[in-house]
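**Q** Structure below; questions to follow.
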Amino acid sequence: MVEIKTPEQIAKMREAGLVVAAMHKACAEAAVPGASTKDLDEIAAKVLAEHNAKPNFLGYGGFPGNICTSVNDVVVHGIPDRETVLKSGDIISIDAGAIVDGWHGDAALTVFVGTGHAPELIELSRVTEESMWAGLAAVRKGARLVDVSKAIEGYIRRQPRPASGKYGIIEDYGGHGIGSQMHMEPHLLNYVERRRGKGPKLVPGFCLAIEPMVSLGTPKTHVLEDEWTVKTDDGTWSSHWEHSVALTEQGPLVLTAPDGGKAKLAELGITAAPDPLA
Ligand code: MG
């Protein structure tokens, strides 16, 4: 069921991951007041072309963009368009993917547009990003999939609650296996659900996209009439962070982080695997 990759295949996924990192850098820099989400999509397309990489989002189930641009109360799968113009104080999740020689990369980040963000929003993004890193640090030989879910949820629940009450860990979406396709087995919940069991054992060659989505209120979402845009049911804003990671014999390699996750994992007491492209 789970696709196990060879070191050579992981090196290809690292190539795709670095294209995704380049897309993020360019899009994040362009996410300024006055830019439309379509502008960001065009920048992402340009980066893909420059690297001879293919988009994996475009055409996926009919999705019309190269990236997903999810603003404020949009959790995920926002469609880039000319009408959505960013303004100071917005937050946007930019979810990007790339294919190199048939191997996929997938990652997302939350960007603050302009200035004037409430401390609660800054904290929301920090908690979401750190929970992703807690999940990445749990990717180790002999662990089970549920240990990753537990690490993500545990991190979020250990944080001081927001003034709005409680963080909502989005229930309808989660992480996933990745490799020769973008979405593969297993599905990764961002919280522990006991009836799901412990999930597969993590072994070298196992690759996952880890992507917590957290709101300032409800864990519940709905899809708009465009059949893509996912919003929180209570209209609270949400953050989304994602990296793709490969477990290797030498430990985890964060495929979509420019440094392979080295610096951040070191803070968490984990040695990242050496970069196969370095
Ligand atoms: Mg993903």
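**Q** Which one of the conditions (1) within 16 Å of the ligand (Cβ to nearest atom); (2) without any contact (Cβ under 8 Å) to a residue 60 or more places away in the chain; (3) closer than 19 Å to residue 235 by Cβ does residue 67 fail to meet, given that it meets all the rest?
**A** (3)
**Q** Shifting gears a bit: Starting from the range 143-165, keep only residues that are under 18 Å from residue 243 (Cα atoms), then list their pairs with residues that are assigned to a helix (DSSP H, G or I) and of a type in the set (Asp, Glu) whose Cβ atoms are within a distance under 7 Å, requiring at least 6 positions of separation or different chains.
**A** 155/130
**Q** Go through the residues of the range 107-129 one by one and say whether even a single one is open to solvent by 50 Å² or more (accessible area, probe 1.4 Å), more than 25 Å from residue 1 (Cα to Cα), touching a strand residue (DSSP E or B) at 6+ places or on another chain (Cβ under 8 Å) and more than 16 Å from the ligand (Cβ to nearest atom).
**A** yes
**Q** When the range 131-142 is examined, which residues are found to be open to solvent by 40 Å² or more (accessible area, probe 1.4 Å) and either of a type in the set (Asp, Glu) or at negative phi (or both)?
**A** Within the range 131-142, the first condition is being open to solvent by 40 Å² or more (accessible area, probe 1.4 Å), and the residues that meet it are 140-142.
Hits for the range 131-142 are 140, 141.
**Q** Just checking, does the range 149-166 include any residue being more than 16 Å from the ligand (Cβ to nearest atom), open to solvent by less than 20 Å² (accessible area, probe 1.4 Å), of a type outside the set (A, V, I, L, M, F, W, C) and within 24 Å of residue 235 (Cβ to Cβ)?
**A** Looking for residues that are more than 16 Å from the ligand (Cβ to nearest atom), open to solvent by less than 20 Å² (accessible area, probe 1.4 Å), of a type outside the set (A, V, I, L, M, F, W, C) and within 24 Å of residue 235 (Cβ to Cβ), one finds at least one in the range 149-166, hence yes.
**Q** May I ask you to list the residues in the range 67-103 that are over 21 Å from residue 228 (Cα atoms) and not β-branched (Val, Ile, Thr)? It would help to see each step written out before you state the result.
**A** As a first pass, look at the range 67-103 and keep what is over 21 Å from residue 228 (Cα atoms): 87-89, 99-103.
Matches in the range 67-103: 87, 88, 89, 101, 102, 103.
**Q** Looking at residue 123, is it among the acidic types (Asp, Glu) and in a loop (DSSP other than H, G, I, E, B)? Before the answer, list the steps.
**A** Numbers: among the acidic types (Asp, Glu): yes; in a loop (DSSP other than H, G, I, E, B): no.
No; evaluated as a whole, the condition is false for this residue.
**Q** Sticking with this structure for a sec: Yes or no: residue 264 part of a helix (DSSP H, G or I), more than 16 Å from the ligand (Cβ to nearest atom) and either hydrophobic (A, V, I, L, M, F, W, C) or modelled with pLDDT of 95 or more (or both)? It would help to see each step written out before you state the result.
**A** On the way: part of a helix (DSSP H, G or I): yes; more than 16 Å from the ligand (Cβ to nearest atom): yes; either hydrophobic (A, V, I, L, M, F, W, C) or modelled with pLDDT of 95 or more (or both): yes.
Yes: the conditions hold for residue 264.
**Q** Moving on to the next point. Filter the range 80-103 down to the residues that are within 16 Å of the ligand (Cβ to nearest atom) and either open to solvent by 20 Å² or more (accessible area, probe 1.4 Å) or among the charged types (D, E, K, R) (or both) and list them by number.
**A** 95, 99, 103
**Q** In the range 171-186, what residues are more than 12 Å from the ligand (Cβ to nearest atom) and over 21 Å from residue 197 (Cα atoms)?
**A** Across the range 171-186, the qualifying residues are 179, 180.
**Q** Which of the residues belonging to the range 45-61 are in contact (Cβ under 8 Å) with a residue 60 or more places away in the chain and open to solvent by 50 Å² or more (accessible area, probe 1.4 Å)?
**A** 60 - this is the single residue of the range 45-61 that is in contact (Cβ under 8 Å) with a residue 60 or more places away in the chain and open to solvent by 50 Å² or more (accessible area, probe 1.4 Å).
**Q** Looking at the range 11-42 only, could you name the residues that are buried (at least 22 other Cβ atoms within 10 Å of the Cβ) and either at pLDDT below 95 or β-branched (Val, Ile, Thr) (or both)?
**A** Within the range 11-42, 19, 20, 37 qualify.
**Q** If you don't mind, another one. Across the range 168-185, what is the number of residues that are farther than 16 Å from residue 136 by Cβ and either open to solvent by less than 10 Å² (accessible area, probe 1.4 Å) or among the aliphatic types (A, V, I, L, M) (or both)?
**A** 6
**Q** List pairs: first residue in the range 173-196 and over 16 Å from residue 155 (Cα atoms) and charged (D, E, K, R), second residue assigned to a loop (DSSP other than H, G, I, E, B) and more than 15 Å from the ligand (Cβ to nearest atom) anywhere in the structure, Cβ distance under 6 angstrom, at least six positions apart or on different chains.
**A** 185/1; 185/2
**Q** Restricting attention to the range 22-64, which residues are in a loop (DSSP other than H, G, I, E, B) and under 18 Å from residue 81 (Cβ atoms)? Working first, answer last.
**A** Filtering the range 22-64 for residues in a loop (DSSP other than H, G, I, E, B) gives 31-35, 51-53, 55-59, 63-64.
Answer for the range 22-64, where residues must be in a loop (DSSP other than H, G, I, E, B) and under 18 Å from residue 81 (Cβ atoms): 31, 32, 33, 34, 35, 55, 57, 58, 59, 63, 64.
The values are calculated or read from the model by the stated rules, or taken from the named source; none is laboratory data. This is a predicted model, so every value here is computed, not measured. Reconstructed Cβ throughout: ideal geometry from the backbone, glycine too, with neighbour counts over all protein chains shown. Side chains included, ligands, DNA and RNA excluded: accessible areas come from the protein's heavy atoms. Shrake-Rupley method; radii C 1.70, N 1.55, O 1.52, S 1.80 Å.
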